[in-house]
Amino acid sequence: MIDERLERDLERAARPAAPEVGTLVEELVRRRARRATVRRLQAGAVAIVVMVAAFGTFAVLQGRTETTVTPPASQGTPTGSGSLAAPPLRLGFPTCNVTSVPITVEGSHGFAYVATKTGDGGPCPKDGDNVVAVDVDGDGRADASAGPFGDCYVGCQAWAAPDVNGDGTSEVAVSNAGADGYGISLYAVTGGADPSIRSISVSDPQGIGFITVDPRAYDPMQFAWVDVVGRFVAAHCEVQPDGQQALVVVDGDKLADTAAVRSTVLVLHGDTATVVDASRSTVSLADAPVPGDELCGAPVFAGTPVEPST
């Protein structure tokens with residue numbers, strides 16, 4: 001009997017007590033409430049994360065937009081005496097295709113202009129009259145002009161302002177674009193109480209011969225600026241044995257490894273370039289005086305567009 005009672009007691013101890021229905025329901029309600037609370041917290045956290053991400057993205061995009069559309073503070077374009085930026089040209093009649101280079105005239109800084117004259121309110125003509133003008137003191141008003149000259153269908157421009165004779169006053173080089181290079185015309189400038197600009201002509205009193213330029217181009221003086229296969233034409237300045245600075249115009253043929261060079265030496269006084277020497281030589285192709293990026297120390301192709309006048 002004792003053994004049977006012990007066996008029954010052991011069996012009851014091994015079986016878990018059945019929970020009451022009310023307790024079970026309360027536990028389920030509590031679990032559901034906890035799960036609902038967790039879901040709400042999770043949803044709230046996700047919403048906060050999304051809002052923060054959206055706000056951050058908007059701020060970044062807004063910053064990028066402001067950076068893109070807001071221009072930097074303008075530094076301005078300097079104008080006036082001594083500046084490389086020329087003021088608008090005032091010639092007294094409408095112009096277009098205006099280009100300019102800075103010049104020095106008797107120690108003062110000014111500008112040289114090349115411009116095409118327009119009709120009364122008409123379009124800019126391709127074959128119109130062209131003028132070269134100088135503003136010797138940099139106030140934007142043309143003090144003197146020369147022209148008109150034509151044959152600028154492709155385009156003429158203020159090209160360089162070399163001091164050819166080394167007297168401290170710039171000459172003005174005007175370019176006329178061609179198929180293979182440029183045709184260059186030189187103009188002399190004077191300042192003082194009666195400023196002027198005049199085309200430079202060639203004088204050959206000794207009959208030496210300006211062998212690098214067609215004699216028909218003696219007035220005004222013209223030479224080419226060309227570097228093509230087999231040939232080149234250019235110019236540079238050299239100091240002569242007597243101390244004068246001279247303009248040397250060269251014309252060369254490129255051979256296999258040498259160049260046959262023809263040179264004409266001219267000394268400029270006022271608006272006249274006098275031929276003082278001419279020679280022929282053969283140099284290595286590496287030493288050939290082909291066109292570069294300067295003429296007598298002045299940069300070439302340096303003409304910059306200028307606001308046209310009305």
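The values are calculated or read from the model by the stated rules, or taken from the named source; none is laboratory data. Since the structure is predicted, the reported quantities are computational estimates derived from the model, not experimental observations. FYI the Cβ positions are ideal-geometry reconstructions off the backbone, even for glycines, and counts take in every protein chain you see.
Each row is one residue, and each column tells you yes or no for (1) out of contact with any Pro (no Cβ under 8 Å at 6 or more places or on another chain); (2) assigned to a strand (DSSP E or B).
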| position | (1), (2) |
| --- | --- |
| Pro220 | yes, no |
| Ala234 | no, yes |
| Asp242 | yes, no |
| Leu247 | yes, yes |
| Asp253 | yes, yes |
| Ala256 | yes, no |
| Ala259 | yes, yes |
| Gly292 | yes, no |
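Quick one: would you say Gly243 is free of Cβ contacts under 8 Å to residues at least 24 places away in the same chain and under 19 Å from Pro162 (Cβ atoms)? Spelling it out, Gly243 is indeed free of Cβ contacts under 8 Å to residues at least 24 places away in the same chain and under 19 Å from Pro162 (Cβ atoms). Residues in the range 252-271 that are over 34 Å from the mean Cα position of the chain (by Cα) and among the small types (Gly, Ala, Ser): Ala256, Ala260. Taking the stated definitions as given, is Ser175 at pLDDT below 90 and within 27 Å of Val105 (Cβ to Cβ)? Criteria not met by Ser175. Within the set Gly119, Gly140, Gly155, the sole residue that is over 18 Å from Asp194 (Cα atoms) and modelled with pLDDT under 80 turns out to be Gly119.
Here is a yes/no grid of residues against (1) out of contact with any Asp or Glu (no Cβ under 9 Å at 6 or more places or on another chain); (2) of a type in the set (D, E, K, R):
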site: Pro162; (1), (2): no, no
site: Asn165; (1), (2): no, no
site: Gly168; (1), (2): no, no
site: Ala173; (1), (2): yes, no
site: Asn176; (1), (2): no, no
site: Asp180; (1), (2): no, yes
site: Ala188; (1), (2): no, no
